[in-house]
Amino acid sequence: KMTLLILTLGLIATIAEILGGLIIFFTRKWPQKLQDYMLAFGAGFIVALVLTQLVPESINSIGETAPILIMLGYATLHFFEHAIVSHLHFGEETHTEHIISKTASYSIFLGLFIHAFFDGMSISIGLKFNYVIGLLLFIGVFLHKFPEGMTVASIISASGKKVSTSLLLASIVGFATFAGVLIGLAIPAISEKLTGYFFAFISGVGLYVGTTDLIPEINNSKTKLAPIAVFFGMLFFYMTSDFLHKVIH
C-alpha cells in the first residue's frame, strides 16, 4: 500500500514537470505574473517545511551533527550552481527573449536533473520514515515542478534548440524525479539516525532553493504582489501540516 502511494505521488510530480514543458511547447509564452505567484507560493511552502519540520526532525535524530550537515547541503548546492553550473535559477531562464548559449543551457538542464532526482528520493524516504513529513515533502516538490518544467523547456528553446527538444528534456527532468522515487523505494528501511542525516542535508538544499534561488527572483519581480504570495505559501504549509497531523494522528 505504501509502495503504491509513493509511486503514485512520484508519477504526479513527474507529470507536473512535463505539463510545465507542454505549456512552452504549445504556447512558447506564459503569463509572467502567474509564474511569479507560483514560484513565490512554492518558496514560502518550502522554507516553512524546512524550518518547522525537517530541521527539528534532523536535530532530534542526530543532535549537534545536524547543523553541520544542513550547512553542507546549503554549501553543496551553492558550489554546484555557481562553480560547476554557471547560472541556475528558476526565474530568469523562463524569459525566452534572453539568448542563452547551448553549453549553459545543458549545464542548467544537468543541474535541474540532479535536483529533480533528489526531489524524488526525498519523497520516498520521507514517506517511509514519517507519513506526514513525506506528504509535506511531496507537496513542496509538487508546487515547484510545474514552473521547473517551464524553466527547462524555456532555456533549451532560448539556446536555439527546437521546441520539441525542449519538451523532451523537460520530460527527462520529470522522469529524473520518478527515478529518484524508485531509488528511494529500493533502499532498504534505514535507521532513524541515517534518515536524520538525509533530512539534515536535504534541509540545507531546500533552504538554498527557497531562500537563495527563489525568493531573490521573486523580490526582483515586476509583479508587486509576488512577495506577498510567499507568506500565503507559508500559511498554506501551516494549514496543511495542521490538517495532516489531526487526520493521521
Tilt, helix 131-158 to longest principal axis of the chain (alpha-carbon atoms), in degrees rounded to tens, equals 10
To the nearest 10 degrees, the tilt of helix 102-129 (Cα long axis) against the first principal axis of the alpha carbons of the chain is 20
Residue separation between Ile183 and Asn60 times 0.36 nm, minus their alpha-carbon distance, gives in nm 41.7 nm
FRET efficiency for Leu5 and Leu110 from the Cβ-Cβ distance with R0 = 22 Å, rounded to 0.05, comes out at 0.15
Classified through the alpha carbon gyration tensor (a ≥ b ≥ c as square roots of its eigenvalues; rounded if a/c is under 1.5, else prolate when a/b is larger than b/c, else oblate), the range 102-249 comes out oblate
Under the 7 Å Cα-to-Cβ spin-label approximation, Phe231 and Lys193 lie apart by a distance in nanometres of 4.4
So for the range 163-234, using the alpha carbon gyration tensor with a ≥ b ≥ c as root eigenvalues (a/c under 1.5 gives rounded; past that, a/b versus b/c decides prolate or oblate), I'd call it oblate
Taking Cα atoms only, helix 2-27 is inclined relative to the longest principal axis of the chain by an angle, in degrees rounded to 10, of 20
Tyr238 and His78 label points (each 7 Å along its Cα→Cβ direction) are spaced in nm at 2.9
Summing +1 per Lys or Arg and -1 per Asp or Glu among the other residues with Cβ less than 13 Å from Ala116's Cβ gives -2
If every Lys and Arg gets +1 and every Asp and Glu gets -1 at its Cβ, then about the Cα centre the chain yields a dipole, in debye to the nearest 20, of 540
On the accessible surface of the chain, probed at 1.4 Å with all protein chains in place, carbon and sulfur together account for a percent value of 71
Expected max-MSF residue from Glu64, Glu17, Glu217 in the GNM of the chain (alpha carbon, under 10 Å) is Glu64
Distance in nm between Phe26 and Lys246 label points, each 7 Å along Cα→Cβ, equals 3.7
For the range 1-69, the dipole about the Cα centre with charges only on Cβ (Lys and Arg +1, Asp and Glu -1), to the nearest 20 debye, works out at 400
Beyond 29 Å (Cα-Cα) in this structure, taken from Lys162/Lys224; Lys1/Lys246; Lys1/Lys33; Lys33/Lys161; Lys33/Lys145; Lys128/Lys162, we find Lys162/Lys224; Lys1/Lys33; Lys128/Lys162
Checked the range 5-66 with the C-alpha gyration tensor, a ≥ b ≥ c its square-rooted eigenvalues, rounded below a/c of 1.5, otherwise prolate if a/b is larger than b/c and oblate if not; verdict oblate
On the formula 1/(1 + (r/R0)^6), with r taken between the Cβ atoms of Leu19 and Lys162 and R0 of 22 Å, the FRET efficiency rounded to 0.05 is 0.70
Mean accessible area per residue over the chain (1.4 angstrom probe, all protein chains present, square angstrom) is 46
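The values are calculated or read from the model by the stated rules, or taken from the named source; none is laboratory data. Note that the structure is predicted; figures quoted are calculated from it, not measured. In this analysis, Cβ positions are derived from the backbone assuming ideal geometry, glycine residues included, and neighbour counts consider all displayed protein chains. Surface accessibility is based on the protein's heavy atoms, side chains included, excluding ligands, DNA and RNA. Shrake-Rupley method; radii C 1.70, N 1.55, O 1.52, S 1.80 Å.
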